[in-house]
Amino acid sequence: MPIINEKPHTDLRTADFSYDLPPELIAQHPAARRDESRLMVIDRAGGSIAHRHFYDILDYLNPGDTLVVNNSKVIPARLYGHAEGRPEAAIELLLLRSRGLDRWETLVRPGKRARLGMRMTFGDGMLSAEVEEIVEEGNRIVHFDYDRERYANIYEILHEIGLMPLPPYITEQLGDNSRYQTVYAREEGSAAAPTAGLHFTSELLAKIEEKGIAVAPVMLHVGLGTFRPVKADRIDEHVMHTEYFSVSEETAELINTRRAAGGRIIAVGTTSCRTLESVADEDGTIRAMSGDTGIFIFPGYRFRAVDALITNFHLPESTLLMLVSAFYNREKMLDAYHTAVEEKYRFFSFGDAMLIQ
């Protein structure tokens, strides 16, 4: 059964999470060096804001703390091809999540072409797909076929013919695909990057561990549900899409042991935060488990496991902005975003970072 938290009652509306963002502040490319992006540090207790660089994160981490990172790896999930036997009928396919046995939930454009039984081909016939099911919001379940003697799995083909699924607000080409991947990415399956982790370098992580801070991996394959616009007027009427996650016994034991010793649990990104809160007991104890989560966190939610949060600057009226507003305070968070606009921080996936502690 998917994990979906009990939603707190609220009168908040989607419009309550709006803010004005000049288009030129939407980052079109990563910082020259990952850890040279800017860092806004928010002290929840005192309400102060500091303006630093991401490599200064070391100054705010204490021995005994634990950084929880999402080690999901973005796959080249965007395919361009055509209807089988009709080269003029162009098709764009975006893989969203695996349904097992080479079956994937996908987004097909144009959707009107993707009727049941329709076949598509990609990479000059290297990969073909057949529509097996039409699901909510026009997504399609497709079954892929390829030369299984030549390729061990579909990921090998995707790395040959697929493109990185950059968000639509990024209009520039990405010269190096590794920049839309965290340095600790391991488990293939995400349709979008867990972007808060993009700021870490291997060298910075080494310094963090040398200081006595543990780095604990969890995994949540990021789907497009996290980024879909909230269409409901009242936020408690919005339903999140589920995403697959996994927390190992080793990670659960590490987090529980260090938390019991007084260390803080710092979630790197909203995906790590949602994973931890999905598996936390009432007292904050982390359980090792795997499954689907549709947890939706917005103001009124009581956090069980997360003591501090590293995150990027999110889209107006998004579930991600609602989550960070729940972790701090909606009005103060919007004030912080207004300050970020005034200070010309860079926003969204390739943008700057925020530490809320």
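The values are calculated or read from the model by the stated rules, or taken from the named source; none is laboratory data. Quick caveat, the model's predicted, so the values are computed rather than measured. Quick reminder, even Gly has a Cβ in these numbers, built from the backbone with ideal geometry, and neighbours come from all protein chains shown.
Among the residues making up the stretch 189-221, those that are hydroxyl-bearing (S, T, Y) and either without any contact (Cβ under 8 Å) to a residue 40 or more places away in the chain or not in a helix (DSSP H, G or I) (or both) are S190, T201, S202.
Considering the stretch 16-36, the residues that are among the charged types (D, E, K, R) and part of a loop (DSSP other than H, G, I, E, B) include one that is surrounded by the fewest Cβ atoms within 10 Å (Cβ to Cβ), namely D20. If you go through the stretch 290-304 and keep only what is under 19 Å from the mean Cα position of the chain (by Cα) and either closer than 22 Å to Y184 by Cα or among the charged types (D, E, K, R) (or both), you end up with S290, G291, D292. Can you tell me which residue is surrounded by the most Cβ atoms within 10 Å (Cβ to Cβ) among those in the stretch 147-188 that are touching a residue at least 24 places away in the same chain (Cβ under 8 Å) and of a type in the set (S, T, Y)? Looking at the filtered set, the residue picked out is T182. There is no residue in the stretch 74-83 that is surrounded by fewer than 16 Cβ atoms within 10 Å (Cβ to Cβ), over 15 Å from I213 (Cα atoms) and among the basic types (K, R). When you check D56 against the structure, is it under 30 Å from G175 (Cβ atoms), surrounded by 16 or more Cβ atoms within 10 Å (Cβ to Cβ) and in the same structural domain as L254 (by TED's automatic domain parsing), yes or no? No; evaluated as a whole, the condition is false for this residue.
Can you pull out every residue in the stretch 109-138 that is more than 21 Å from E188 (Cα to Cα) and either in contact with a Ser or Thr (Cβ under 8 Å, 6 or more places away or on another chain) or part of a strand (DSSP E or B) (or both)? Passing the criteria: R109, R119, M120, T121, E130, V131, E132, E133, I134.
Counting residues that are free of Cβ contacts under 8 Å to residues at least 60 places away in the same chain, which strands (runs of 3 or more DSSP E) fully inside the stretch 38-81 reach at least 1?
By residue number, 49-53.
With respect to the conditions (1) assigned by TED's automatic domain parsing to the domain that holds V222; (2) touching a strand residue (DSSP E or B) at 6+ places or on another chain (Cβ under 7 Å); (3) of a type in the set (A, V, I, L, M); (4) surrounded by fewer than 21 Cβ atoms within 10 Å (Cβ to Cβ), L116 falls short on a single one, namely (1).
R234 meets all of the listed conditions (1) closer than 19 Å to S98 by Cβ; (2) of a type in the set (D, E, K, R); (3) over 20 Å from the mean Cα position of the chain (by Cα) but one, namely (1).
Taking the criterion of being basic (K, R), at pLDDT 95 or above, in contact with a strand residue (DSSP E or B) (Cβ under 6 Å, 6 or more places away or on another chain) and not in a loop (DSSP other than H, G, I, E, B), would at least one residue in the stretch 93-100 satisfy it?
Keep residues of the stretch 93-100 that are basic (K, R), which gives 97, 99.
If we keep only those that are at pLDDT 95 or above as well, we get none.
The answer is no, given that none of the residues of the stretch 93-100 is basic (K, R), at pLDDT 95 or above, in contact with a strand residue (DSSP E or B) (Cβ under 6 Å, 6 or more places away or on another chain) and not in a loop (DSSP other than H, G, I, E, B).
Would you say G294 is among the small types (G, A, S) and either farther than 16 Å from I3 by Cα or at pLDDT 95 or above (or both)?
Details: among the small types (G, A, S): yes; either farther than 16 Å from I3 by Cα or at pLDDT 95 or above (or both): no.
No, not satisfied.
So that you can scan it fast, the table gives a plain yes or no per residue for (1) modelled with pLDDT under 95; (2) under 25 Å from G212 (Cα atoms); (3) in contact with a helix residue (DSSP H, G or I) (Cβ under 7 Å, 6 or more places away or on another chain):
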position: V247; (1), (2), (3): no, yes, yes
position: A261; (1), (2), (3): no, yes, no
position: V268; (1), (2), (3): no, yes, yes
position: R287; (1), (2), (3): no, yes, yes
position: S290; (1), (2), (3): no, no, no
position: E317; (1), (2), (3): no, no, yes
position: V324; (1), (2), (3): no, no, yes
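Against the numbered list (1) within 24 Å of Y328 (Cβ to Cβ); (2) within 19 Å of the chain's Cα centre (by Cα); (3) modelled with pLDDT under 95; (4) not polar (S, T, N, Q), L220 comes up short only at (3). When L158 is tested against (1) touching a Lys or Arg at 6+ places or on another chain (Cβ under 9 Å); (2) not in a strand (DSSP E or B), exactly one condition is not met: (1).
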